[in-house]
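Notes for the one structure printed next.
The values are calculated or read from the model by the stated rules, or taken from the named source; none is laboratory data. This one's a predicted model, so the numbers in the text were calculated from it and none came from an experiment. Neighbour counts are summed over all protein chains in view; Cβ atoms, including those assigned to glycine, are modelled from backbone coordinates with ideal geometry.
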Amino acid sequence: MADVAVRAGVSGQTVSRVVNRSPRVDPATRRRVEAAMADLGYRPHRAARALRTGRSQTIGLIVSTLATVGNSRMLQAVSDAAASRGLALVVVTVSGRADGGVAGAFERLGDQGVDGAIVLNEATLLARGVVPPVGLRLVVVDTPVPHPRASSGGPGATAADGSASGTRGTAVQTDHATGARLAIEHLFALGHTRIRHLAGPSTSFAAAERERGWREALAGAGLKVVEPLRGEWTSSAGFRAAGMLDADATAVFCANDQMALGMLRGLAERGLDVPGRVSVVGFDDVSDARDFRPPLTTVRQDFDALGEAAVAALADDASGAPAIIPVRLIERASTGPVP
């Protein structure tokens, strides 16, 4: 570091500020220091920095599976956000008691000296009531927070102290319910009133919120709510649900794009034209949604913003109200006027 300071003509403290991404360095000086670092082949030593600062510059990600598109997209988003801050990322998958569950994940991350951990989506359910090691900061993604209309005892329930049903940490979540309402209001505008829902797993917070938005939109319009079909986020679940769709339905709101894809295939095999006979809406806006046949109308979930918010909350040791990431409706050819 002293050699870099001499080469750049600055103090060692200025080099330290550049290395630690401090905003208290003007751009021209920062460029000069970075050029000196490159010329000399200087790289910060992560272990030495950890000894000096007491922070490892490493964060953990706890996830129940990476097989779903949402979780894999979030892994990418968190990885990118961590890299932009010079943070390393350790990923731990948990499924249940056999691997020690979330408690075991906390222990493994603690052994690696991480500064904090992000608990992702379905893994938050496994984390409820588990006490993390002292000093391990947590951010939980898509877990319940207090809501005046949330039903007690279900996936949307919250603890009396306002924590996420016993999951400690700062919450970051997508505005799933609003996204569902945007989808249903779009179908209302096209004249649809018999709108069915293919919901996600009953244990999923995201699925519960999307179902809540669908129910509230129908109830607000004075329409009958028919109990939803339910699937496991997969295209095969959507295909099976298409075979069970009642003849009165003119539109289906699917809780994710994978199930919507299977729904499109299943409806086609039943000879039901989309959108001529049945309109279909998904959720997530995966990269292939525009290439479905027909291109899928869907609710875009901003995974990059969600990952950035989670890493920012962890890096800044944030607390308080959850960060709610907005969504928007993407209209394509899978929806049309009511037949």
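Here are some notes:
- Of the numbered criteria (1) surrounded by 19 or more Cβ atoms within 10 Å (Cβ to Cβ); (2) more than 25 Å from GLY60 (Cα to Cα); (3) of a type outside the set (Gly, Ala, Ser), the one ASP291 fails is (1).
- ALA81 passes every criterion in (1) under 22 Å from ALA305 (Cα atoms); (2) part of a helix (DSSP H, G or I); (3) modelled with pLDDT under 90 apart from (3).
- Flag for THR93 being touching a residue at least 60 places away in the same chain (Cβ under 8 Å), among the hydroxyl-bearing types (Ser, Thr, Tyr) and either under 24 Å from GLY200 (Cβ atoms) or surrounded by 17 or more Cβ atoms within 10 Å (Cβ to Cβ) (or both): no
Conditions tested, residue by residue: (1) free of Cβ contacts under 8 Å to residues at least 24 places away in the same chain; (2) in a loop (DSSP other than H, G, I, E, B).
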position	(1), (2)
MET259	no, no
LEU264	no, no
LEU267	no, no
ARG277	no, yes
SER287	yes, yes
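- When PRO294, PRO339 are checked against the criterion of being touching a residue at least 60 places away in the same chain (Cβ under 8 Å), more than 19 Å from ALA180 (Cα to Cα), out of contact with any strand residue (DSSP E or B) (no Cβ under 6 Å at 6 or more places or on another chain) and outside any helix (DSSP H, G or I), a single residue qualifies: PRO339.
Yes/no per residue for (1) among the hydrophobic types (A, V, I, L, M, F, W, C); (2) modelled with pLDDT under 90; (3) within 28 Å of VAL172 (Cα to Cα):
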| site | (1), (2), (3) |
| --- | --- |
| ARG7 | no, no, no |
| SER11 | no, no, no |
| VAL18 | yes, yes, no |
| VAL25 | yes, no, no |
| HIS45 | no, yes, no |
| THR65 | no, yes, yes |
| ASN71 | no, no, yes |
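- Count of residues meeting criterion [under 30 Å from ARG43 (Cα atoms) and not basic (Lys, Arg)] in the stretch 108-135: 11
- Residue count for the stretch 199-249, restricted to those that are exposed (fewer than 12 other Cβ atoms within 10 Å of the Cβ), aliphatic (A, V, I, L, M) and outside any helix (DSSP H, G or I): 1
One line per residue, one yes/no per condition, for (1) more than 15 Å from ALA221 (Cβ to Cβ); (2) at pLDDT 90 or above:
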site	(1), (2)
PRO133	yes, no
SER151	yes, no
PRO155	yes, no
GLN173	yes, yes
LEU182	no, yes
PHE188	no, yes
ARG194	no, yes
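- Count of the stretch 7-32 residues which are in contact (Cβ under 8 Å) with a residue 24 or more places away in the chain and either in a helix (DSSP H, G or I) or buried (at least 18 other Cβ atoms within 10 Å of the Cβ) (or both): 4
- Residue match in the stretch 223-235 (condition: touching a residue at least 40 places away in the same chain (Cβ under 8 Å) and either within 23 Å of PHE303 (Cβ to Cβ) or not assigned by TED's automatic domain parsing to the domain that holds LEU66 (or both)): yes
- Within the stretch 297-329, restricting attention to residues that are of a type in the set (Ser, Thr, Tyr) and outside any loop (DSSP other than H, G, I, E, B), the residue that is surrounded by the fewest Cβ atoms within 10 Å (Cβ to Cβ) is THR297.
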